[in-house]
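Here's the structure, in structure tokens; my notes come after.
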Amino acid sequence: MSQEELKTKITELLPSAIFEESSEFLQLILDAPDLLPLMTELRSDTQTDFDYLFNLTCVDWKDHMMMVYHLFSKTLKHTLVVKAKISDREQPEIESLSEIWKTAELQEREVFDLFGVNFLHHPDLRRLFMEEDWKGFPLRKDYTDENMIQL
């Protein structure tokens with residue numbers, strides 16, 4: 001499926017979709033509440049068949065958080081980047097995609113541990129790298145570590 005065909009299909013599913021075409025991959029921006037229904041459809045629809053979530057991460061923009069998901073269809077050979085905006089930076093939360101793609105389970109734990117994003121309905125959401133009693137989230141822009149040496 002071409003990028004234009006993907007855009008048409010996604011717009012049918014989510015009319016509020018915003019697209020960026022500034023990179024190699026088609027990029028879709030949406031609000032966090034729209035993520036789970038759209039991703040479920042993109043995975044199950046034979047026209048899109050995004051059967052592989054090969055990466056997910058988070059970006060801290062100081063005034064909001066942005067989850068970034070890289071999808072690939074192994075059968076149809078197309079790629080899509082989905083960016084979900086989380087407006088509430090103080091209590092960031094978004095639906096887990098681990099029921100759709102098992103690869104999300106561990107990566108969501110990493111984002112939870114380092115950015116503090118709560119993944120709703122995740123089967124085992126707990127710290128991955130940091131100790132359980134660790135205070136704060138090291139990859140957030142507002143994180144400070146009292147033990148860090150100032151240069």
For this session: Please work out which one of (1) surrounded by 11 or more Cβ atoms within 10 Å (Cβ to Cβ); (2) at pLDDT 95 or above is the condition R126 fails and give its number.
Result: (1)
For this session: State the number of residues belonging to region 1-31 that are free of Cβ contacts under 8 Å to residues at least 24 places away in the same chain, surrounded by 11 or more Cβ atoms within 10 Å (Cβ to Cβ), within 14 Å of K83 (Cα to Cα) and among the polar types (S, T, N, Q).
Result: 0
Problem set entry | Qualifying residue in region 85-97 (condition: within 23 Å of L14 (Cα to Cα), small (G, A, S) and touching a His at 6+ places or on another chain (Cβ under 6 Å)) | yes
Seminar exercise, completed: Among (1) over 20 Å from H122 (Cα atoms); (2) touching a residue at least 24 places away in the same chain (Cβ under 8 Å), P92 falls short only on (1)
Problem set entry | Residue selected from region 97-118 under the condition closer than 20 Å to S44 by Cα, out of contact with any helix residue (DSSP H, G or I) (no Cβ under 6 Å at 6 or more places or on another chain) and not acidic (D, E), by the criterion surrounded by the fewest Cβ atoms within 10 Å (Cβ to Cβ) | K102
Exercise. Quick one: V81 ticks every box in (1) part of a strand (DSSP E or B); (2) crowded, with 18+ Cβ neighbours inside 10 Å bar one, so which box is it?
Worked result: (2)
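For the structure I just gave you, tell me whether L53 is more than 28 Å from L6 (Cα to Cα) and either at pLDDT 95 or above or assigned to a loop (DSSP other than H, G, I, E, B) (or both). Please lay out each step first, then the result.
Values: more than 28 Å from L6 (Cα to Cα): no; either at pLDDT 95 or above or assigned to a loop (DSSP other than H, G, I, E, B) (or both): yes.
Here the answer is no, as L53 does not meet what is asked.
Before we move on, is T75 in a loop (DSSP other than H, G, I, E, B), β-branched (V, I, T) and either free of Cβ contacts under 8 Å to residues at least 24 places away in the same chain or on the phi < 0 side of the Ramachandran plot (or both)?
For T75, the condition - in a loop (DSSP other than H, G, I, E, B), β-branched (V, I, T) and either free of Cβ contacts under 8 Å to residues at least 24 places away in the same chain or on the phi < 0 side of the Ramachandran plot (or both) - is met.
The values are calculated or read from the model by the stated rules, or taken from the named source; none is laboratory data. Remember, predicted model here, so these are calculated numbers, not experimental data. Glycine also receives a Cβ, built like all others from the backbone with ideal geometry; neighbour counts cover every protein chain displayed.
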